[in-house]
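Asks: Can you read through this structure? Questions will come right after.
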Amino acid sequence: MNKSKIIVFILFLGLHLVSAQSKKQNLSLTGEQKLEYIGMPVGGIAAGQVYLGGDGQLWYWDIFNIAKITSGNEGGHRYYLNPLVQENNFENGFGITINSEGFEYKRPLNKSGFSDITFQGEYPVGKVTYRDPQLPIKVELNAYTPFIPTDADNSGLPVVVMEYTVTNESKTEMDVALSGWLQNTAAYWSGQNQVLKGQHQNRIINRGKYTRLVCENIDMESDQYPDAGNMSLTLLGEGIGNAGAIKDKGTLIYEVLKENTDATSAIGEKLVGSVSSKVLLKPGEQKTFTFHLSWYFPNVHLWDGGHHWNNKEDLRHYYSSQFEDAAAVSEYLMEKPELIENTKIWNKTWYNSSLPKWFLDRTFVNVSTLATTASVRFDDLKDRKENEGRFYTYEGVYLGEGTCTHVFHYEQALGRVFPDLAQHLREQVDLGLSFQDNGIISYRGEFSGLGRHDGRGFAIDGHAGTVMRIYREHLMSSDSEFLKRNWKKIKKSIQVMIDQDMEKTGKADGILEGPQYNTLDRTWYGKISWISSLYAASLKAGKEMALEMGDKSFAKTCDKIAKRSFKNISNELFNGEYFIQKNDPDHPEAPNTNVGCHIDQLLGQYWSSQLDLGHIVDPEKSKKALASILKYNFVDHYGDYLKNADIPVKRYYADKDEAGVIMATFPKGGTDIAPGVIENEWEKLVIGYFSEIWTGQEHQLAATLISEGMVAEGLKVEKALHDRYTSQRRNPYNEIEYGNHYTRAMSGYAPFIAASGFTYHGPKGIIGFAPKMSAENFKSAFITAEGWGSFSQQIAASSQEVALILNYGKVNLSQLQLELPKGKKLSKLQITLNGEPLGVVESKLEDTKLNIRTGTRTLKKGDVLKAILTLK
């Protein structure tokens, strides 16, 4: 077959039509390469990693506890400059055979089989459409794994669902067969490196309601190999299978020519099996073929690249506590069709929005980091409470020990989408194995005690950020039990920062001094706006938690210091344009930003806005500072900045012709003292961070800008980031910083929270919205502790109509908060639940925020709460 020009309609992320001849900013790529960059993680969260390619091919199989790529630590930017491209390191795939009017067509369902492929990524669902002028059919693929916000367990299944819908677009009948094939990889990789006793065995199980290929081992002396386990390929409905399918000469499809239920080979030798289903399609008819590709390789403890995990020898992948083999995963999925239904409902809920498509894509895409090998969840064979179900992340895939607080605290995705899992992480790690008797939350989990970097394992920015994550997890709970269980430790962790604030003068003034080890990988000294802003925000969170716990004395302490912080940071560290650092003259060796303009200078405000805690500094100065960051740090062409940069970089997370936000610039000088004393190559690399571009910081900046009403500016930052990750240049799903799928980038969910103005207090039953974008005609998804749905509002000259629809789970509601248009007051309020009038206990207007007390009630799936406000 002559390959015609591949045309790829990349709808994902709001991209434009691209073709083999397309060029962008002097970059010329073939259409095939553009397909090959796309890699959407489609497995369960913390269940390994597998990509869906732009052509529907599954690739980057990293489920075997044997790293299939190097970490990318060489310079930290390896995979930004040289993106991974699609490859297939073992036999797996799907194909179609068509018989019509004496002609037979056999095509693999990937770029080698079809000339016109459309990819639309809507994480967690990847949608691929196949057409070819030679074929009278259309094939549509939906690929995904069950993904249900608030349900981490059922979103962590080791399975990919592949749904192929074939439509007969001709005027004649045709026989259509869909085949899927899979190589037996059970101990296959170990068998490449050593001689193992035993055999690969493929079995076909036909139950009528499904046909299943089981790939496993027999006669093994031991199961103590990293890749010991099994895989299954299950075809739902009637079908046939061949355990030892043979690739037909001249084709790229493993077909089932006749039923063959058993086949074996030596360990390490290729053994491929196949399942297939056939149907007669009349003109215009369509048929959906559904496959479950599931796996079971539990021995994460045998991965020789594993980090310093406590009791490592007893750890398995969490899914092994739920299932005994890969086939059981498929059985479970067939028994619970609601998992598929709710995944599709969520997909529609998220994208049925007034927000721009590219914005929805970019703010949700990094949730997929949870479905990569940057994330692990453990099953403890001895059922230790502190380890069972424990979540662990690297900084990026295979890089950076221990759920690092100073990286991971930027994230909002885990805490908002899977609050149940985030709560476990706080208790098992931050307030568990990482918690020291003096109140310090060590920043690298079990690795902290080994003394690397700061001997105390204390990163002050991560510590403060974790206090705010704890408060977020309380807000995202259905009751106050989490806060009650942990209050003593939480209070102690806040007191640690207060004690450091008091060390120099004996009085807490709201600005930290002394040693401040942080995410820029060295210990800083002095009065540092971005670190003290985190401290200020954590004090405000501490006040709220203390009040809820009835600890009025500590609440008063936190409030008093937070007010001092507001005054002192605003007055001492604002230079008229932005917030700076005042260096400690006793520590000239320490790195610093002195009078430079730092992207994270209002990092505490980012957190305060996300948690609805108000302003931590003068709001007018805050807006001026944000405007200055854009003025001095935003660049349209990174290369132009680097030509004149006084601080050179060794790592590149933007190309020379790309836009982004520089971490720190020095418009008023100061680059001569910024490095402090550099004694080795590591410290030279670290100071170069100042001239780098990090997506995790850009997301938080965009969110803060939007929260402060600077919407156009926030979108400008987010769009520049988004454009760097088009499929014409690299994988849109893989934001890189020191490694693939860098976890700091999970701050990407924050701009969505800011845009919708979402506020929530689960234990109090309060939910609120204050849209910042197109408020007059707004719609977006929302997620609470135990449910999710959609919020919409329409505003006219004298009315405001809102609707809250619950699509999953339940929500305890006692108060609804809405934002009224400026200058408007409430004249009349009507509120209904499922069409029935709802008695309103009280409504109160504070500035532009309307608080509606609805009385305590529980909304359930399908409930519709509507409010009609007459305005004057």
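None of the figures in this text is laboratory data; all of them are computed from the coordinates on show. Just so it is clear, the model here is predicted, and its values are computed rather than measured. For neighbour counting, all protein chains shown are included, and Cβ atoms are generated from backbone atoms with ideal geometry for every residue, glycine included.
Asks: Using 20 Å as the Cα-Cα cut-off, could you pick out the over-long pairs in Lys492/Lys543; Lys357/Lys623; Lys504/Lys543; Lys504/Lys582; Lys492/Lys527?
Replies: Too far apart for the 20 Å limit: Lys357/Lys623; Lys504/Lys543; Lys492/Lys527.
Asks: Next question. In the range 353-753, with Lys and Arg counted as +1 and Asp and Glu as -1 at Cβ, which of these residues, Asn740, Leu613, Gln423, has the Cα nearest the positive end of the dipole, that is, farthest along it?
Replies: Leu613
Asks: Order 774-783, 686-695 from most to least packed using the mean count of other Cβ atoms within 10 Å. It would help to have the intermediate numbers written out before the result.
Replies: On the way: 774-783: 19.1, 686-695: 22.9.
So the peptides 774-783, 686-695, ranked by packing, come out 686-695, 774-783.
Asks: Same structure, new question: If you take the Cα atoms of the range 556-688, find Rg, then find the Kirkwood Rh from the mean of 1/r over all pairs, what is Rg/Rh?
Replies: My calculation puts Rg/Rh at 1.01.
Asks: Hey, another quick one. Grab the DSSP H runs of the chain that are 4 residues or longer, score each as -39,500 (n - 2.57), total them, divide by all residues and round the 222 nm result to the nearest 500 deg cm²/dmol.
Replies: Details: 20 runs with 217 residues, N = 872.
That comes out to -7500 deg cm²/dmol.
Asks: Tabulate in residue order the Karplus-calculated ³J(HN,Hα) for the range 178-190, using 6.51 cos²θ - 1.76 cosθ + 1.60 with θ = phi - 60°, rounded to whole Hz; enter x for Gly and Pro.
Replies: My calculation for the range 178-190 gives 10, 10, x, 9, 8, 7, 6, 10, 5, 6, 5, 5, 5 Hz in order.
Asks: If you take P(r) over Cα pairs in 20 Å bins from 0, in percent from the coordinates, which of (1) 12, 39, 36, 12, 1; (2) 12, 31, 27, 17, 7, 3, 2, 1, 1, 0; (3) 15, 46, 32, 7, 0 do you get?
Replies: (3)
Asks: Still on this structure: Please give me the summed charge of the neighbours of Ala803: other residues whose Cβ is under 12 Å from its Cβ, Lys and Arg +1, Asp and Glu -1.
Replies: Surrounding charge for Ala803 is 0.
Asks: A follow-up question, please. Would you mind checking the pairs Lys491/Lys810; Lys488/Lys540; Lys106/Lys258 and listing those with alpha carbons more than 24 angstrom apart?
Replies: Numbers: Lys491/Lys810 31 Å; Lys488/Lys540 17 Å; Lys106/Lys258 17 Å.
Violating the 24 Å limit, Cα to Cα: Lys491/Lys810.
Asks: Enter the angle in degrees (range 0 to 90, nearest 10) between the Cα long axis of helix 711-724 and the first principal axis of the Cα atoms of the chain, meaning the one along which they spread out most.
Replies: Approximately 40 degrees, to the nearest 10.
Asks: For the chain, take the longest principal axis of its alpha carbons; what is the angle in degrees between that and the long axis of helix 481-502, to the nearest 10 within 0 to 90?
Replies: Taking Cα atoms only, the helix is inclined about 50 degrees.
Asks: In the neighborhood of Ala755, defined by Cβ-to-Cβ distances under 12 Å, what is the net charge if each Lys or Arg adds +1 and each Asp or Glu adds -1?
Replies: The answer is +2.
Asks: Moving on to the next point. Going by average Cβ neighbours within 10 Å, how do the peptides 621-634, 102-115, 370-383 rank, with the highest at the top?
Replies: 370-383, 621-634, 102-115
Asks: Could you sort 210-216, 556-562 so that the peptide with the highest average Cβ count within 10 Å comes first and the rest follow in order?
Replies: Packing proxy ranking, top to bottom: 210-216, 556-562.
Asks: Another question, then. Please get the size of the charge dipole for the chain, origin at its Cα centre, with Cβ charges of +1 on Lys and Arg and -1 on Asp and Glu, quoted in debye to the nearest 20.
Replies: Computed charge dipole of the chain: roughly 2480 debye.
Asks: Here is a further query. Along the charge dipole of the range 353-753, which of Ala674, Phe359, Leu547 sits closest to the positive end, that is, farthest toward it, with unit charges on the beta carbon of Lys, Arg, Asp and Glu (+1, +1, -1, -1)?
Replies: Of the options given, the answer is Leu547.
Asks: Straight-line reach from Lys872: which lysines fall under 29 Å, measuring Cα to Cα and dropping same-chain residues less than 8 apart?
Replies: In chain and number order, the partners are Lys772, Lys779, Lys822, Lys824, Lys825, Lys828, Lys844, Lys849.
Asks: How big is the range 120-195 by Rg and Dmax over its Cα atoms, in Å?
Replies: 18.1, 56
Asks: Using +1 at the Cβ of each Lys and Arg and -1 at the Cβ of each Asp and Glu in the range 321-411, identify which of Ser375, Trp346, Val397 lies farthest towards the dipole's positive end.
Replies: Final value for the positive-end residue is Trp346.
Asks: While we're here: Over the chain, what relative contact order in percent results from Cα pairs under 8 Å that are six or more residues apart?
Replies: 11 percent
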